[in-house]
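K.L.:
Below are the structure tokens for one structure; questions will follow.
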Amino acid sequence: MYTYRATEKNNNFICTDSDGIGIGCGDKNFGLYISKSLANGESDYTDTFDNERLSESQYFKIKKIEVIFCILLLDLDDIFILIHLLWAT
């Protein structure tokens with residue numbers, strides 16, 4: 001398990017729209033994106049967390065989502081999110 005902390009390069013921690021939710025939002029990519037159907041996901045490098053891609057390929061099908069806990073600190077210096085995804089390869 002890896003921990004990616006905010007880099008302060010931007011403050012694009014979470015973005016939502018009618019299609020889904022993204023965590024770590026870059027110019028055209030997401031650290032983690034989950035579609036509104038909860039069936040499709042996307043992961044790529046983002047400046048927000050300087051993270052590596054969390055999956056083998058950028059786009060993947062989600063088999064199971066388990067949210068263990070999510071704590072958002074009010075000052076947004078740190079966001080601690082632990083989400084367990086099982087995706088199809």
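K.L.:
Name every residue in the stretch 1-18 that is part of a strand (DSSP E or B) and under 19 Å from Val67 (Cβ atoms), in order of residue number.
P.N.:
Matches in the stretch 1-18: Ile14, Cys15, Thr16.
K.L.:
Condition check: in contact with an Asp or Glu (Cβ under 9 Å, 6 or more places away or on another chain), at pLDDT 85 or above and of a type in the set (A, V, I, L, M, F, W, C). Does Phe49 satisfy that?
P.N.:
Taking the combined requirement at face value, the residue does not satisfy it.
K.L.:
Now a separate question. Kindly indicate the residue of the stretch 1-30 that is surrounded by 10 or more Cβ atoms within 10 Å (Cβ to Cβ) and among the charged types (D, E, K, R) and also nearest to Leu54 (Cα to Cα) among those meeting that condition.
P.N.:
The residue in question is Arg5.
K.L.:
Of all residues in the stretch 38-66 being among the charged types (D, E, K, R) and assigned to a loop (DSSP other than H, G, I, E, B), which is surrounded by the fewest Cβ atoms within 10 Å (Cβ to Cβ)?
P.N.:
Glu56
K.L.:
Now, a different point. Would you tally the residues in the stretch 19-32 being assigned to a loop (DSSP other than H, G, I, E, B) and either under 11 Å from the mean Cα position of the chain (by Cα) or modelled with pLDDT under 90 (or both)?
P.N.:
Total satisfying the criteria: 4.
The values are calculated or read from the model by the stated rules, or taken from the named source; none is laboratory data. On a predicted model such as this, the values are computed, not experimentally measured, just so you know. Neighbour counts run over all protein chains shown; Cβ positions are idealised from the backbone, glycine included.
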